[in-house]
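**Student:** Handing you a structure now.
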Amino acid sequence: MTDISTFFCPTRIHIGAGSHERIGDIIRERGGKRVFIAVDAALLASDFYARVVALLEGQGVAIASYSDIEPDPSAITVQRALDVCRAHEATVILAIGGGSTIDVAKAVGVVLANGGRIHDYEGIEKFSIAPPPLIAIPTTAGTGSEVSGSCVITDTEKNLKMSIRHAALNPAAFAILDPLALRTVPAHVAAHSGIDAFVHAFESYLSRQANLITDAINIQAIELLAANIRQFVADRENIEAATNMLCGSALAGITFGQTGLGNVHCMARFIGAEYHLSHGLSNALCLPTVARFNLLANPAKYARVAAAMGRPVQGMPMLDAARMAIEAIETLCADLGIPRRLRDAGVADDKFEVMADLCVKANYNRWNPRKTTLADFRTLFQEAY
């Protein structure tokens, strides 16, 4: 934990069933008459999207939309969406979809305001002009992109994922957490995105850059996610579980952009890019192995995680309680049908040496609680395999 730390959340958040109906008021307050919408293609025919469009049209808002957005979106997709946004002369951006869609909307805003192309802004605080106001309506409970200071875009030329981070200027101005938007999420997407949210909270909680405020938020996020993810995956129309998942995801999204993440995200970043697995699944596949590796760095926090995940650890010796967190994580992954090993998800072991080197160069040791060497990363990939 650092001696001096800061915390803030620039996003105004609306929570609850039917909260999407606030969209008209938000647009009117912002004086927006021309809105660009980045939207998941699967939502175009949905009742939810139709209701949002009707609300905007009722305010006399001119709309232009872009929906050709793939998982782990590319810089090419960002450019195509940007062209539509520019041609429409939009002054407000609306994102309706999962993390990929929200990330594209954020990237469009960054380039629209700052010029160039999205590659120019890879890294931390590489742009200084605030993008147009972004309103984000997540339709998955996972990435927390609506409130996080980062977006991830794939550089197809280098086959790498670029992380564009700015804690102050990259979060959406408004986030609408409406469980009604989650009803059409497939079960496997709910599981993978839910684990992604859990990893955000878990790794942010363990981060070297954590502080008392992020700790409090992350423990609440872990409790919400661990207590509701099974019910949500089983039934996406469970309004209470969906609301709790959205809130847990957003809480973790608020913190991880300020604390950084750890080895799970570091390894998953390169697994996803190399083997074309979803971000959530890549995280889930690495989570148990990395959790075991990092335990020695902070067993006291692991014991708190175990308690937050519902394990009866009161009165246990600290290390025994800490190990209960590993057991809880492994059980959670099994219950959600996550493959046990990388090989079970189609990952080969031919690129581990290269990926281990990339992990070291990515320097997640700034945040990961346990110092991790090149040899350690080689071992972690092999153990996960």
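The values are calculated or read from the model by the stated rules, or taken from the named source; none is laboratory data. These numbers were taken from a predicted model, which means no experiment stands behind them. Here the Cβ positions follow ideal geometry from the backbone for every residue, glycine too, while neighbour counts run over all protein chains shown. To get the accessible areas, we keep the full protein, side chains included, count just its heavy atoms, and leave off ligands, DNA and RNA. Shrake-Rupley method; radii C 1.70, N 1.55, O 1.52, S 1.80 Å.
**Student:** Output the residue which, of all residues in segment 241-250 that are open to solvent by 10 Å² or more (accessible area, probe 1.4 Å) and touching a residue at least 60 places away in the same chain (Cβ under 8 Å), is nearest to Ala201 (Cα to Cα).
**Tutor:** If we take residues in segment 241-250 being open to solvent by 10 Å² or more (accessible area, probe 1.4 Å) and touching a residue at least 60 places away in the same chain (Cβ under 8 Å), then Cys247 is nearest to Ala201 (Cα to Cα).
**Student:** Kindly provide the set of residues from segment 144-199 that are open to solvent by 10 Å² or more (accessible area, probe 1.4 Å), of a type in the set (Gly, Ala, Ser) and under 24 Å from Glu330 (Cβ atoms), ordered by number.
**Tutor:** Of everything in segment 144-199, those that are open to solvent by 10 Å² or more (accessible area, probe 1.4 Å), of a type in the set (Gly, Ala, Ser) and under 24 Å from Glu330 (Cβ atoms) turn out to be Ala187, Ser193.
Yes/no matrix, rows are residues, columns are (1) open to solvent by 10 Å² or more (accessible area, probe 1.4 Å); (2) not in a strand (DSSP E or B):
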| residue | (1), (2) |
| --- | --- |
| Leu94 | no, no |
| Val104 | no, yes |
| Val110 | no, yes |
| Gly116 | yes, yes |
| His119 | yes, yes |
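**Student:** Which count do you get for residues in segment 314-362 that are free of Cβ contacts under 8 Å to residues at least 60 places away in the same chain, of a type in the set (D, E, K, R) and under 24 Å from His276 (Cβ atoms)?
**Tutor:** Matching residues across segment 314-362 total 9.
**Student:** Among the residues of segment 255-271, are any of a type in the set (Ser, Thr, Tyr) and open to solvent by 10 Å² or more (accessible area, probe 1.4 Å)?
**Tutor:** The answer is no; no qualifying residue exists.
**Student:** I've got another one for you. Hey, any hits in segment 239-247 for a residue that's farther than 22 Å from Asn363 by Cα, touching a His at 6+ places or on another chain (Cβ under 9 Å) and assigned to a helix (DSSP H, G or I)?
**Tutor:** For segment 239-247, residues farther than 22 Å from Asn363 by Cα, touching a His at 6+ places or on another chain (Cβ under 9 Å) and assigned to a helix (DSSP H, G or I): absent.
**Student:** May I ask you to say which residue of Arg34, Arg28 is in contact with a helix residue (DSSP H, G or I) (Cβ under 7 Å, 6 or more places away or on another chain), touching a residue at least 24 places away in the same chain (Cβ under 8 Å), of a type in the set (D, E, K, R) and not assigned by the TED database to the domain that holds Ile213?
**Tutor:** After ruling out the rest, the residue left standing is Arg34.
**Student:** Also, quick follow-up: Given the conditions (1) in a loop (DSSP other than H, G, I, E, B); (2) touching a residue at least 24 places away in the same chain (Cβ under 8 Å); (3) under 15 Å from Tyr275 (Cα atoms), which single one is not true for Arg370?
**Tutor:** The single condition Arg370 does not satisfy is (3).
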